[in-house]
Amino acid sequence: MRVVIAEVPELARVGADAVERVLREKEHPVLGLATGGSPLPVYAELERRHREEGLSLAHASAFLLDEYVGLPADHPERYRHVIGRELVDRVDLDPERVHGPDGLAEDLEAACAAFEAQIQAAGGVDVQILGIGTDGHIAFNEPGSSFASRTRVMALTRQTREDNARFFGGDPQAVPARCLTQGLGTIMQARQLVLLATGEAKAAAVRELLEGAVSVAWPATILQHHPDVTVLLDEAAASGLRLAEHFRELERVSR
Ligand code: PGA
């Protein structure tokens, strides 16, 4: 794994570079988009490049990692709307080509299978942006998730509902109890992964991700088995790492 420990603007540049490379190299680039606070600096940098440097996303398609089950179609916290506000509406991505699992489907399992099929039909994800939960989840793959899992219905942990209560008036009970999420097996098939983590609350999960044993207790540790992962950390998120100096040194000598 490449590990970059830097201030947020530098992390945003490295993350946006990975996306820009795919946009320039591929005729039909496929982006994997995460919602949540962590990727926002990367999206802001992509927006800046679009506005100031003419970077185009018009030929790309995109897939979301997850979606809440049962939020009304017009609810502002549906991830379809969130990603619209945070990225799609700010650049020239075609909203018709931004796909997420359908959390309002009558048959949720069929919706999950259809979403998996859409990803395959697009040729798979070229670059997947990820955050990480304080409990080590990626997308909504909570602890205990199978490493082979595909898109499916998942119940959120109490911890995740508390973490996300800030988007629902501070009330964990208002956070939907279930979601649809890409599985760990789905995420591992993306050709490149870029994970962002900032703030001290993420330090324990980041330590497990980079220095812990691969374990379903910390789902993100499966990324140790992916051949192309970049982990972007601020100082606070890196503060629990025994190997922080080593990662800095590696970055200095290899760039
Ligand atoms: P955050 O969420 O980026 O809002 O911290 C990350 C996650 O829960 O995966």
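Read the figures in this text as sums done on the coordinates, not as results from a lab. What you see is a predicted model; the values in this text were computed from it and never measured. Note: ideal-geometry Cβ built from the backbone for every residue, glycine included; neighbour counts use all protein chains shown.
For the stretch 1-123, the convex hull spanned by the alpha carbon atoms encloses 120 Å³ per residue.
The stretch between ARG51 and ARG166, if pulled fully straight at 0.36 nm per residue, gains 38.4 nm over its current Cα-Cα span. Here the chain is treated with +1 on each Lys and Arg Cβ and -1 on each Asp and Glu Cβ, and its dipole about the Cα centre works out to around 360 debye. Remark: the stretch 205-216, residue by residue, has Karplus-estimated 3J(HN,Hα) of 5, 5, 4, 5, 4, 9, 10, x, 6, 5, 7, 5 Hz, where x stands for each Gly or Pro and the curve is 6.51 cos²θ - 1.76 cosθ + 1.60 at θ = phi - 60°. Rounded, prolate or oblate: which fits the stretch 25-96 when a ≥ b ≥ c are the square roots of the eigenvalues of the alpha-carbon gyration tensor, with rounded for a/c under 1.5 and prolate only if a/b beats b/c? In terms of gyration-tensor shape, prolate.
Starting from the amide H of GLY70, placed 1.01 Å from N in the peptide plane, find each other amide H under 5 Å away whose residue is 5 or more places distant or on another chain. Correct list: LEU104.
Applying the Karplus relation 6.51 cos²θ - 1.76 cosθ + 1.60 with θ = phi - 60° to the stretch 55-67 yields 3J(HN,Hα) values of 4, 10, 10, 5, 9, 9, 10, 8, 10, 7, 6, 6, 7 Hz, where x marks Gly and Pro. With the highest mean first, a sort of the peptides 209-217, 27-35 on other beta-carbon atoms found within 10 angstrom per residue produces 27-35, 209-217. Per-residue 3J(HN,Hα) values for the stretch 100-107, derived from phi via the Karplus relation 6.51 cos²θ - 1.76 cosθ + 1.60 with θ = phi - 60°, read x, x, 8, x, 10, 5, 5, 9 Hz in sequence order (x marks Gly and Pro). First obtain the Kirkwood hydrodynamic radius of the chain from its Cα pairs, then insert it into the Stokes-Einstein equation at 4 °C and 1.567 mPa s, and state the resulting D in µm² per second as a whole number. Rounded, D is 71 µm²/s.
Put in line by how crowded their Cβ is, counting other Cβ atoms within 10 Å and starting with the fewest, GLU142, GLU235 read GLU235, GLU142.
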